[in-house]
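A.B. asks: For reference, the structure I am asking about is given below.
Nothing in this text is a laboratory measurement; each read-out follows from the coordinates by a stated rule. All values reported here derive from a predicted model rather than from experimental measurement. Note that each Cβ is placed from the backbone with ideal geometry, even for glycine, and that neighbours are counted across all protein chains shown.
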Amino acid sequence: MHPALFYLPGDRLMQPELSAARLDGHVVEIGEGYIPADVVEGPEARAAGLRSLIQVGMAASGPSAAWIHGAGDRPPSPHHARRAIDRRLRPPVTARLVFHDSRLAPGDVVQIGGMAVSSPLRTMIDLALGIHRAPAFAVWATALADVFPELVVAAAQELRVLNRVPGTRAALTWLAQQEKTPTTW
């Protein structure tokens, strides 16, 4: 997505101007910014909507990565990010972003619109592993499975070979239930 098609409040237009343009139907809100109403809201536009929150060295993860990959209609709140580089980061503390300091492997990171995002498979694994402590992750995992149905089986296979990872048993139980539940259209 070309940067000229994405508007952050305070960059080229102030928040009141963007709000008025939204009310007039000229722009739509996406993440932390706005895009013209006639631009398709795809993964690149969604990634652009989080670029102001997720700094270089981080990758969007969990519900935020699922949303970027096409799951759900509205962005999650708060957003989630993980470290995507070897060195430690000190992100600013904000209520809009949960930073997980565990590092993503290079093979688990994809670039979307110039931003690092956890891969769809890694996102499904992370969501499934987090269901036991954050039940809202199940909603995001289900929405991601609607976009990529093959991830349920692939994530279960990956989780079966992990040793001593918290939440594995609950994740495998949830994934097994999803394999048995037919998707209705």
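One line per residue, one yes/no per condition, for (1) within 21 Å of Ala60 (Cα to Cα); (2) of a type in the set (A, V, I, L, M, F, W, C):
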{"site": "Pro92", "(1), (2)": "yes, no"}
{"site": "Val98", "(1), (2)": "yes, yes"}
{"site": "Val109", "(1), (2)": "yes, yes"}
{"site": "Val117", "(1), (2)": "yes, yes"}
{"site": "Val153", "(1), (2)": "no, yes"}
{"site": "Ala170", "(1), (2)": "no, yes"}
{"site": "Trp174", "(1), (2)": "no, yes"}
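A.B. asks: Return a yes/no flag: does the range 137-147 have any residue that is among the small types (Gly, Ala, Ser) and farther than 28 Å from Glu179 by Cα.
C.D. replies: So the first thing to find is which residues in the range 137-147 are among the small types (Gly, Ala, Ser), and the list is 138, 141, 143, 145.
The next check asks that each one be farther than 28 Å from Glu179 by Cα; those that pass are none.
Looking for residues that are among the small types (Gly, Ala, Ser) and farther than 28 Å from Glu179 by Cα, one finds none in the range 137-147, hence no.
A.B. asks: Based on this model, can you work out whether Gly42 counts as among the small types (Gly, Ala, Ser) and in contact with a Pro (Cβ under 8 Å, 6 or more places away or on another chain)? Can you show your working first?
C.D. replies: Values: among the small types (Gly, Ala, Ser): yes; in contact with a Pro (Cβ under 8 Å, 6 or more places away or on another chain): no.
It is false that Gly42 is among the small types (Gly, Ala, Ser) and in contact with a Pro (Cβ under 8 Å, 6 or more places away or on another chain).
A.B. asks: Residues that are without any contact (Cβ under 8 Å) to a residue 24 or more places away in the chain and not hydrophobic (A, V, I, L, M, F, W, C): which strands (runs of 3 or more DSSP E) entirely in the range 12-76 hold 1 or more of them? Explain how you work it out, then say what you get.
C.D. replies: Numbers: elements: 27-30, 33-36, 58-60.
Ranges flagged: 27-30.
A.B. asks: Out of everything in the range 129-175 that is of a type in the set (Asp, Glu) and under 15 Å from Ser119 (Cα atoms), what residue ends up being farthest from the chain's Cα centre (by Cα)? Steps first, please.
C.D. replies: Of the range 129-175, the ones of a type in the set (Asp, Glu) are 146, 150, 158.
Those still in the list that are under 15 Å from Ser119 (Cα atoms) too: 150, 158.
On the way: Glu150: 18, Glu158: 20 Å.
Checking each candidate, the answer is Glu158.
A.B. asks: Let me ask you something else. Check Leu89, Leu129, Leu121 and return the single one that is touching a Phe, Trp or Tyr at 6+ places or on another chain (Cβ under 8 Å) and free of Cβ contacts under 8 Å to residues at least 60 places away in the same chain. Give the derivation first.
C.D. replies: Values: Leu129 fails: touching a Phe, Trp or Tyr at 6+ places or on another chain (Cβ under 8 Å); Leu121 fails: touching a Phe, Trp or Tyr at 6+ places or on another chain (Cβ under 8 Å).
Selected residue: Leu89, the only one of Leu89, Leu129, Leu121 that is touching a Phe, Trp or Tyr at 6+ places or on another chain (Cβ under 8 Å) and free of Cβ contacts under 8 Å to residues at least 60 places away in the same chain.
A.B. asks: Checking the condition more than 19 Å from Ala47 (Cα to Cα) and surrounded by 20 or more Cβ atoms within 10 Å (Cβ to Cβ), which residue from Ala128, Ala141 passes? Don't jump to the end; show me each part of the working.
C.D. replies: Values: Ala141 fails: more than 19 Å from Ala47 (Cα to Cα).
Just one listed residue meets the conditions, Ala128.
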